[in-house]
Amino acid sequence: MADNANDNGAAKSRAGSPHAGRFKPLADALAARDEYNDVLRTRIDKACALLDADQQLYPNTFRKDTHIGEILAAYSDLDETALAEVGKVFLIAGRMTSLRSFGKVTFIKLLDGSESMQVFVARDDLGQDAYQVFKKYDIGDILGVEGDLFRTKTGELTLRAKQVSLVTKSMRPLPEKYHGLKDMETRYRQRYVDLIVTPKTSEIFRKRTMIVRGLRNYLDSKGFLEVETPMMQPIPGGATAKPFETHHNALDMKLYMRIAPELYLKRLLVGGFEKVYEINRNFRNEGISTRHNPEFTMLEFYWAYADFRDLMDLTEDMLSSIARDVCGTTVVPYQGNDIDLTPGNWTRLSFHESIEKIGGVDPADYNDYDRCAAIVRKSGEKVIKGEKLGKLQAKLFDILVEPKLIQPHFIYHYPTDISPLSRRNDQNPDITDRFELFVVGRELGNAFSELNDPVDQRGRFEDQVKEKAAGDDEAHFMDEDYVRALEYGMPPAAGQGIGIDRLVMLLTDSASIREVILFPLLRPETPQNGGNTSVAEPAAGPA
RNA sequence: GGGCCGUUAACUCAGUUGGUAGAGUAUAUCACUUUUAAUGAUAGAGUCGAUGGUUCGAGUCCAUCACGGCCCA
């Protein structure tokens, strides 16, 4: 309920304008949340004044003929005389992000996409009346300007306005121009504001699109076919993770949001597509951290008549070429380290070698169950009863090796125990022809020669089902149809998954996954934490 | 789930041993025809995240909760 002060304020701002009633719902909603302050009140007053002067607040009639970026690209190098010879009139539009007024003359900055330029607005150019209207515009408004180019005294390329019109009225003030928006919570919750005022943010997301486009172009050029497979699956497979559950009403069936597309993509290998890939969202019902978001984007691709070593070569080539395209170099800075992605400089090391050479554990120790378990416990990790040696070694690896893999490392020949979909090594059945790619101490990709022996695959699923029954809710489900597909015969193949969010983090020097996801998952805003979003009640039954 | 830190004006932040709150930006009014965080003057603007408690008195101390950040699981 609005208090008296707010009621008075609303009444005051409504006074005097025939258009005041138009803003009553806005004023009331703001007042109800105790947000109705003098800044917002002034915006409403000004909006009323504009309507009183027959100015539309949200016209869709202005058409720009040039983007600011185009002007900067074409004319940044021209001097004053050359600009005068251009003599061309441009129509630009953008958000006013700053304003410096000198009375009869005003400098503003207009932001259009990611580019910004100065506009010079003078009373003598616009005329007395138009200039008075212009002075009602606020920082944050979207304006259209018609004008020609010149250089100011200080040499800045500037558009001299002949006409200025309001394109979109902004009813809320933007954050302060110098410090910008620092509050992480607001940056994530109101990403639209973050994108306006934090140039780095919009740059990250432009780069993200370049990276994804680069991956597509690369794979397309190698003859891979992009496909789409189910995101809602009756059996969630292809990864070791907890799925989100949902329900299909009409079919009255349980469905899971996918944790990986793998088993569907490999069905396509059976079907005869020899090179396929998919870039899309996976969902995992697990914790949130600087490296984990419940929904994240994954590239998975499968390549028939190739093995895991072919994938290492391809991965080096693909990721380094994308780094070159997006960052202009194959040595990229990340949180104080220079990461060398130049092809040929990627280390290849077997899983066991890495535990010995990087983790500093003797083979006699990590190959002995009890000794290995003891080291795991000593490192502060739990050992679960019945856990297999391969899993213990993986824990050892996670603690002792992974954080040290700063430069790109392919770690290959993972234990079969923890690789239920990978092909066994021909010489040693306890290890698989699988690798993971690590950069800056985190897993960036997971790849292997695919297991295409249906009998072996069935046995591995059965082992997983036993682990699930024993309480491991991340263990894989049995997928009879997938085994059936293998029984028809899947060509030998290799496949890989690459976490796109982590790749974008690497190439944009972002410390948190939330910096590279436009709308990361957050708990809902509530009145108690200062929020203004009403959370939807669970849907009631049909009326 | 655990530990540490944070939440004060629209934004960025101060706030002393507990004595009813400050700055800069933004906003408003005035001055100003070349600024670059323009300048000068004046003014308004706060449920100090929420709820309890201790106290004569709480932004400050205590407890619980909410949201966020970082680290760990």
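Here are some notes:
- Once both labels are positioned 7 Å from their Cα atoms along Cα-to-Cβ, the gap between A:D368 and A:L72 label points is 6.5 nm.
- Annotation for the range A:152-208: GluC sites (Glu not before Pro) lying in DSSP loop with at most 16 further Cβ atoms inside 10 Å of their Cβ are A:E156, A:E176.
- Within chain A, helix-based [θ] at 222 nm, where runs of 4 or more DSSP H residues each add -39,500 (n - 2.57), nearest 500: -10500 deg cm²/dmol
- What the Cβ-Cβ distance of A:Q407 and A:E228 gives, at R0 = 30 Å and to the nearest 0.05, is a FRET efficiency of 0.30.
- Span-rule helices in chain A, defined as complete DSSP H runs reaching 24 Å or more along the axis (Cα) with Kyte mean at least 0.0: A:308-327
- Pairwise label distance in nanometres, A:K468 with A:R213, each label 7 Å out on the Cα-Cβ vector: 4.2
- Here the relative contact order of chain A, from alpha carbon pairs under 8 Å that lie six or more residues apart, stands at 11 percent.
- Using Cβ point charges alone (K and R +1, D and E -1), the dipole size of chain A about the Cα centre works out to roughly 1880 debye.
- Charges were assigned to the Cβ only: +1 to each Lys and Arg, -1 to each Asp and Glu. The resulting dipole of the range A:64-190 about its Cα centre is roughly 620 debye.
- In the range A:290-440, inverting the average of 1/r over every pair of distinct C-alpha atoms gives 17.0 Å as the Kirkwood radius.
- Of the residues A:Y137, A:G489, A:N60, the one whose Cα sits farthest toward the positive end of the charge dipole of chain A, with +1 on the Cβ of Lys and Arg and -1 on the Cβ of Asp and Glu, is A:Y137.
- Compared with the alpha-carbon gap, the fully stretched path from A:Q427 to A:N280 is longer by 49.3 nm at 0.36 nm per residue.
- Hypothetical label at A:R309: residues of the range A:381-419 whose amide nitrogen lies under 16 Å (7 Å Cα-Cβ projection): A:410-414
- About its Cα centre, the range A:255-375 has a charge dipole of approximately 500 debye under the convention of +1 per Lys or Arg Cβ and -1 per Asp or Glu Cβ, with nothing else charged.
- Cα-derived Rg over Rh, computed across chain A with Rh taken as Kirkwood radius: 1.07
- Sparse-neighbour loop sites [chymotrypsin sites (Phe, Trp or Tyr not before Pro); the range A:158-235; at most 12 other C-beta within 10 Å; DSSP]: A:Y178
- Within the shell defined by Cβ-Cβ distances under 12 Å, the residues around A:F273 carry a net charge of 0, with Lys and Arg each +1 and Asp and Glu each -1.
- Listed residues A:Q118, A:S98, A:A84: farthest to the positive end of the dipole of the range A:68-174 (Cβ charges): A:S98
- Extension gain, A:D65 back to A:D183 (0.36 nm per residue minus Cα-Cα distance, nm): 38.8 nm
- Considering only A:S379, A:A250, A:T186, and ranking their Cα positions along the charge dipole of chain A that arises from unit charges at the beta-carbon of Lys, Arg, Asp and Glu, the one farthest toward the positive end is A:T186.
- In the range A:85-131, the chymotrypsin sites (Phe, Trp or Tyr not before Pro) that fall in loop regions by DSSP, at most 15 other Cβ within 10 Å: A:F102
Readers should treat all values here as calculations from the given coordinates under stated rules, not as data from a laboratory. The structure presented is a predicted model; accordingly, all values stated were derived computationally and were not measured. Virtual Cβ from ideal backbone geometry, glycine too; neighbours counted across all protein chains shown.
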